[in-house]
Amino acid sequence: MFKAIVSASTLRDALDAVSVLVDECKIRLNEDGLAIRAVDPANVGMVDLALDVAAFESYEADGGVIGVNLARLEDIAGMANSGDLVHLELDEETRKLHIRIDGLSYTLALIDPDSIRQEPDIPDLDLPAEIVVEGNQLDRGITAADMVSDHIRLRVDEASETFHIEAEGDTDDVDLEVGREDLIDLQAGPADSLFSLDYLKDMNKAIPGDAEVTVELGEEFPVKLHYEFAEGMGNVTFMLAPRIQSD
Amino acid sequence: MTDWTETYRPSTLSAIRGNDKARDALREWAETWDDHREAVVVYGSPGVGKTSAAHALASDEGWETVELNASDQRTADVIERYAGRAAKNATLAGAANETGGRQLVIVDEADNIHGNYDRGGSSAITRLVKEADQPIVLIANDYYDMSRGLRNACQEIEFRDVAARSIVPVLRDICRRENVEFDEEALQAIAEANSGDLRSAVNDLQAAAEEDRRLTTDDVLDGDRDRSLGVFPFLDAVLKEESPEEALQSAYRVDETPDDLTKWVAENAPKVCEGEELARAYEFLANADRWLGRVRATQEYGYWRYATDNLAAGVAAARDDTKGGWTRFSRPQFWPSSDGTADEVVRRVAESAGTSMATARRELLPYLAAMTHHCKPRELTVAMAAYYDFEEDHVSFVTGSGETTNKVQSIVEDAQTLREEAMEDHSGAFGGIPAGESADGADGAEATADVETDDEATAADEATAADELAAAANGGDDADDADDGDDGQAGLTDFM
């Protein structure tokens, strides 16, 4: 049983965060809210999203799992104006999701959740450095890095307590240094890892500019990016494996 | 119903049967990967365990896998997005533990990446292999179907066909685990019938034994697998050996459409039959063709059966007796051979005549060819070559004279001179107008040409003299042409 009403913008923000990594995903309809966890086909990036009951106008669910085609669902959500409310209701018998937006109703065929890629177990990582930064700063660094290279280095300088976003191209280099005064918070530690810009660019697209992004970083370890959306009622964690540094 | 080939897919390399050497080589490759960092091509016939070996290897080494299948579209973009990303990044789960986030990229059917459907896929794979930071296994049936660049960038391991004696123990083991009673002979028969192909042996076993959990020799004989028939044995069957009914059955087993089969039979019938027989055979082929025409017109593919009836049973019935011996069957000409020179000639003619290429080919080219046959008269040929800017091969194509002959070469040289003169003469007043175009008017009637050139010339007084010269030159050429060409000249102007 699943029946919910949610604002279109909240739904869109949630879907955007997931669709940067996968085309289809499993949505867990827990009693205390929606949860999505998905790993991209190359096993490199993961998204973990939770949308609390409080983010919904109304919400009833009893713990089922549905599989959806994200592109379709995004298209439908795109039909709504941002103030509109989206009504979602699961028809258990036909396994279809009925979606109503201001007189428009859409019946979405669901995907068998078993046919969707199983997410691997992700070990708990204890990452030494934690940086809290505005989405805009991150966006600036990523955009600049993209001009010169296809990978990006995230680094914390423990001595000067600065966060660096660097990229080395064939001919040109970029380095964005963010000092403590421009960071919301910094917990310095040994942290220096290289990542694919392909992924970070996509993830960055989903991160709102005014969001506070918590970056957890280690040395040649995956990075974790947390941020909240839907006025704090939803939160997203991206996790990205480092690039292999070939000598 | 679960597929036994999946259920009993080996989960570790040591369970791979029948290819011990290749198996060890694969393990060796994986264990030394850190040193050489090269991809490996695993190739061999279908069903010998290549894909199983790759997955088993990954599980032995504790690596994760990313697989790119032939069922996915494999354009450069897709390969870059999935395999490319996987090959350059550590894995999430592995990044934190001792495997260092290694994962095996498996590209199945790597020899089957097709130019068009998988646009750019082939070069993307080569790039992937060269730049990867993760081990890659490319799986192929035919090693030499892969590009040389790709082969050179990889190590290679061949998986040989699995011998019947290696297949039998596998089947026996499955029978025991599935609680199937079996005759040893039946297992032997299955293994023999699928010589080399372990996977289809397991499939046959499942087909024969799953229902009643018993396997007897009778089951095996029933479960004879359909094998497709080559087109050459089929031709032998239809044109020489088999009765109409047998020939029809054979036709069903050939992996070609009735369209192609009709062409094959039509091409080769005269090599075997003659006289009355051949006439009857062609009558049936004509019937088959008629049905194919109906298929095309109505899109009712059900009619294909009547085409097949005619081309196989009909042609077989046309024979008086069976025939022996060996015949060198030849491949039918499926499409009219496209000729680059002809196309280029037609294109140039069509362009300057302002007609479609089809019209130029059908209605203009024959006249040109007749008028300049074997480069006679020469002046007309030169004029034609100059007008259309033909090169040696084009002139030779139109006139039927040899391309390398002095005659053709001198014609092209003269034509070139003629063009240059015309060009120079015109360049004064007609700046942007090519010689051919301005000659248009002049060709039809000198008078018109004069008027035209004069009109143009008023814009640039000082060029008048040049114009007149040009007009005169044009006119002069045409006069020559007219003298030589007689009726031909009239024809030529028609399409200019």
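With +1 on each Lys and Arg Cβ and -1 on each Asp and Glu Cβ, how big is the dipole of the range A:129-240 about its Cα centre, in debye rounded to the nearest 20? Let's see the in-between values first.
On the way: 7 positive and 28 negative charges, 72 e Å.
Dipole magnitude for the range A:129-240 comes out near 340 debye.
Loop-only check: which GluC sites (Glu not before Pro) in the range A:46-114 are DSSP coil with at most 10 other Cβ within 10 angstrom?
On the way: sites: A:E57, A:E60, A:E74, A:E89, A:E92, A:E93; in loops: A:E57, A:E92, A:E93.
Listed in order of number, the matching sites are A:E92, A:E93.
Can you put B:H373, B:H55, B:H394 in order of Cβ neighbours within 10 angstrom, beginning with the fewest?
Values: B:H373 14, B:H55 19, B:H394 23.
Ranking B:H373, B:H55, B:H394 by Cβ neighbours within 10 Å, fewest first, gives B:H373, B:H55, B:H394.
Average the reciprocal distances over every distinct pair of alpha-carbons in the protein assembly as shown, invert the result, and give the Kirkwood radius in Å. Can you show the working numbers first?
Numbers: mean 1/r = 0.0298 Å⁻¹.
Every distinct Cα pair counted, the radius reaches 33.6 Å.
What aspartates and glutamates sit close enough to B:K21 to cross-link, taking a C-alpha to C-alpha distance under 12 Å and skipping anything fewer than 8 places away on the same chain?
B:E158
Give, as a single signed number, the net charge of other residues whose beta carbon lies under 9 Å from the beta carbon of B:L239, with Lys and Arg counted +1 and Asp and Glu -1.
Working: positive: B:K240, B:K271, B:R319, B:K323; negative: B:D236, B:E241.
Neighbour charge sum, excluding B:L239 itself: +2.
Pick out, from B:T12, B:L368, B:W29, the residue whose Cα sits farthest towards the positive end of the charge dipole of the protein assembly as shown, with +1 on the Cβ of Lys and Arg and -1 on the Cβ of Asp and Glu.
Towards the positive end, the residue furthest out is B:T12.
What lysines could a cross-link reach from A:K224, if we take a straight Cα to Cα line under 29 Å and drop same-chain neighbours fewer than 8 places away?
A:K26, A:K201, A:K205, B:K88
Place +1 on the Cβ of every Lys and Arg and -1 on the Cβ of every Asp and Glu in the protein assembly as shown, take the dipole about the Cα centre, and give the residue among A:T171, B:S123, B:A297 whose Cα lies farthest towards its positive end.
B:A297
Between the range B:252-329 and the range A:130-200, how many Å separate their Cα centres?
Here the two parts' Cα centres lie 72 Å apart.
In what order do A:I5, A:I207 fall by count of nearby beta-carbon atoms within 10 Å, going from fewest to most?
Numbers: A:I5 15, A:I207 23.
The order, fewest Cβ neighbours first, is A:I5, A:I207.
Viscosity 0.692 mPa s, temperature 37 °C: what is the translational diffusion coefficient of the range A:2-113 from Stokes-Einstein with a Kirkwood Rh over Cα pairs, rounded to a whole number of µm²/s? Please report the intermediate quantities before stating the final value.
Working: Rh = 14.0 Å.
Rounded, D is 234 µm²/s.
Inside 10 Å of the C-beta atoms of A:42-52, what's the mean count of C-beta atoms belonging to other chains?
Numbers: counts 16, 14, 11, 3, 2, 0, 0, 0, 0, 0, 0.
Going residue by residue through A:42-52 and averaging, the value is 4.
Can you spot the lysines whose alpha carbon is less than 18 Å from B:K323's alpha carbon? Ignore those fewer than 8 places along the same chain.
B:K240, B:K271
Pop the C-beta distance of A:E93 and B:Q409 into the FRET formula with R0 = 56 Å and round what comes out to the nearest 0.05. All intermediate terms of the calculation are to be shown ahead of the outcome.
Numbers: r = 83 Å, r/R0 = 1.49.
In this case the efficiency is close to 0.10.
So what are the three principal axis dimensions of chain A from its Cα atoms, in whole Å, longest to shortest?
Extents along the principal axes: 59, 35, 32 Å.
For peptide A:35-41, what's the mean number of Cβ atoms from other chains within 10 Å of each residue's Cβ? Each step should come with its number before you reach the end.
Working: counts 0, 0, 0, 0, 3, 7, 9.
Taking the mean over all residues of the peptide, I get 3.
Roughly how big is the protein assembly as shown's charge dipole about its Cα centre, with Cβ charges of +1 (Lys, Arg) and -1 (Asp, Glu), in debye to the nearest 20? All intermediate terms of the calculation are to be shown ahead of the outcome.
On the way: 66 positive and 158 negative charges, 750 e Å.
My answer is approximately 3600 debye.
Work out the charge dipole of the protein assembly as shown with +1 on the Cβ of Lys and Arg and -1 on the Cβ of Asp and Glu about the Cα centre, then indicate which of A:A4, B:V398, B:S45 is farthest towards its positive end.
B:S45
What Kirkwood hydrodynamic radius do you get for the range A:129-240 when you take the inverse of the mean 1/r over all pairs of distinct Cα atoms, in Å? Could you put the intermediate results ahead of the total?
Working: mean 1/r = 0.0722 Å⁻¹.
For the range A:129-240, inverting the mean 1/r across all distinct Cα pairs yields 13.9 Å.
Among B:319-325, B:24-30, how do they line up by average Cβ neighbours within 10 Å per residue, starting with the highest?
Numbers: B:319-325: 11.1, B:24-30: 18.1.
Those peptides, ordered most packed to least, come out B:24-30, B:319-325.
Take every residue in peptide A:234-245, count the Cβ atoms of other chains within 10 Å of its Cβ, and give the average of those counts.
Values: counts 0, 0, 0, 0, 0, 2, 4, 11, 5, 5, 11, 2.
Other-chain Cβ atoms within 10 Å of each residue's Cβ, averaged: 3.
Under 18 Å from a label point 7 Å along Cα→Cβ of B:A317: give me every residue in the range B:279-296 with its amide N that close.
B:279-292
Every number in this text was worked out from the coordinates using simple rules, so none of it is lab data. Quantities reported herein were computed from a predicted structural model and do not represent experimental measurements. Neighbour counts run over all protein chains shown; Cβ positions are idealised from the backbone, glycine included.
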